[in-house]
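Here is the structure we will look at.
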Amino acid sequence: MNTETNRFSNTLHKNQNKNWVRAIDSSKIITWIDDLFKILFPEKALETIQIELLLDQNKANFIAILSEIVKDKTANEILDDAESFYTGLPKLYDSMQKDAQAILDTDPAADCIQEIINSYPGFFAIEVYRIANAIASRTTCLLPRILTEYAHSKTGIDIHPSATIDVPFMIDHGTGIVIGETTIIGKFVSIYQGVTLGALQVEKSMQEKKRHPTVEDHVIIYANATILGGSTIIGNHSIVGGNTFITKSVNPYSFVMQSNKNTVLNQQEIKDINFFSI
């Protein structure tokens, strides 16, 4: 090994994050979350499953994953966290069922619950978030963020596991949605593709402060709307139109839209217009 290589190797060792933990094989996490979905929604399984057997195995896999990722807790504390998570599964399942039913009730393109569970990316992203959020509320580790990034990679929907999202919550289409860490979302909120619920300021000094907006109950946010700021509140029963940019609170029952107006021309009455010029 030459001098330059030795120097580089020493630099790498010197600059290592002192709190690092060895990376876990992501396939273990993906297998765990996919198996958990099969338990909660057997219609996603390709074969008939034995729920009790698979649930026991799933719990054992979860404990093994936590044991590899969590380094600041004893084995008994990890077991307690796992027991707490699985004890809370019935409540989590009830929330998921309400999410699915709300999508079925509001989306005219949805024909049945099975369609939503098997094919709606918004539903998948929401439920992975709910699982990740439940874990994050019990233990501090990388697993919740790994789970939501897995959903992000599959759906294009980026929900921080520490966001607060009530039940039910509906995402339609979903691609490009970003929901930040300190976002608070109420009941019966619908969000369409490209929506950003983000921070108005991104300085590191804001880390411990509320940086993302609050969306109250029964709000609809249409495609590509951007809502920023920790003090920004979208009042209940409001409608936020597409492509709007909001940094201040709006009152309940508001309808927010762009001030620009579309111009509609009758092509049969107007001649010599180049509609393709830019």
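The values are calculated or read from the model by the stated rules, or taken from the named source; none is laboratory data. Because the structure is a prediction, the values reported are computed rather than measured. For neighbour counting, all protein chains shown are included, and Cβ atoms are generated from backbone atoms with ideal geometry for every residue, glycine included. In case anyone asks, the SASA skips ligands and DNA or RNA and just uses the protein heavy atoms, side chains included. Shrake-Rupley method; radii C 1.70, N 1.55, O 1.52, S 1.80 Å.
Identify, please: which residue in segment 156-172 is assigned to a loop (DSSP other than H, G, I, E, B) and closer than 17 Å to residue 105 by Cβ and is, among those, most open to solvent (accessible area, probe 1.4 Å)?
Restricting to residues being assigned to a loop (DSSP other than H, G, I, E, B) and closer than 17 Å to residue 105 by Cβ, the top hit is 166.
Need the failing condition index for residue 133 against (1) polar (S, T, N, Q); (2) under 11 Å from the mean Cα position of the chain (by Cα); (3) assigned to a loop (DSSP other than H, G, I, E, B), just the number.
Unmet condition: (3).
Which of the residues spanning segment 39-71 are of a type in the set (Val, Ile, Thr), farther than 21 Å from residue 145 by Cβ and either surrounded by 15 or more Cβ atoms within 10 Å (Cβ to Cβ) or not assigned by the TED database to the domain that holds residue 119 (or both)?
39, 49
For the subset of segment 72-92 comprising residues that are open to solvent by less than 80 Å² (accessible area, probe 1.4 Å) and among the polar types (S, T, N, Q), which member is nearest to the chain's Cα centre (by Cα)?
84
Return yes when residue 183 is among the hydroxyl-bearing types (Ser, Thr, Tyr) and within 17 Å of the chain's Cα centre (by Cα) and no when it is not.
yes
Can you name the residue in segment 177-213 that is in contact (Cβ under 8 Å) with a residue 40 or more places away in the chain and among the small types (Gly, Ala, Ser) and, of all such residues, is nearest to residue 239 (Cα to Cα)?
190
Taking residue 175 and the conditions (1) farther than 23 Å from residue 82 by Cβ; (2) hydroxyl-bearing (Ser, Thr, Tyr); (3) surrounded by 22 or more Cβ atoms within 10 Å (Cβ to Cβ), which numbered condition does it fall short on, given that it satisfies the others?
The failed condition is (3).
Could you list, in sequence order, all residues of segment 67-94 that are part of a loop (DSSP other than H, G, I, E, B) and of a type in the set (D, E, K, R)?
Those that are part of a loop (DSSP other than H, G, I, E, B) and of a type in the set (D, E, K, R): 71, 72, 73.
Residue-by-condition table, conditions (1) assigned to a helix (DSSP H, G or I); (2) touching a Ser or Thr at 6+ places or on another chain (Cβ under 8 Å); (3) within 28 Å of residue 24 (Cα to Cα):
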| position | (1), (2), (3) |
| --- | --- |
| 125 | yes, yes, yes |
| 129 | yes, yes, yes |
| 138 | no, yes, yes |
| 141 | no, no, yes |
| 147 | yes, no, yes |
| 154 | yes, no, yes |
| 217 | no, no, no |
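Looking at residue 82 and the list (1) of a type outside the set (Lys, Arg); (2) farther than 17 Å from residue 118 by Cα; (3) touching a residue at least 40 places away in the same chain (Cβ under 8 Å), which single condition is not satisfied?
(3)
Say we look at segment 105-123 and pick out the residues that are in a helix (DSSP H, G or I) and of a type in the set (D, E, K, R); which of these is most open to solvent (accessible area, probe 1.4 Å)?
Looking at the filtered set, the residue picked out is 105.
Name the residue, out of 217, 172, that is within 27 Å of residue 116 (Cα to Cα) and in contact with a Lys or Arg (Cβ under 9 Å, 6 or more places away or on another chain).
217 is the lone residue from the list that is within 27 Å of residue 116 (Cα to Cα) and in contact with a Lys or Arg (Cβ under 9 Å, 6 or more places away or on another chain).
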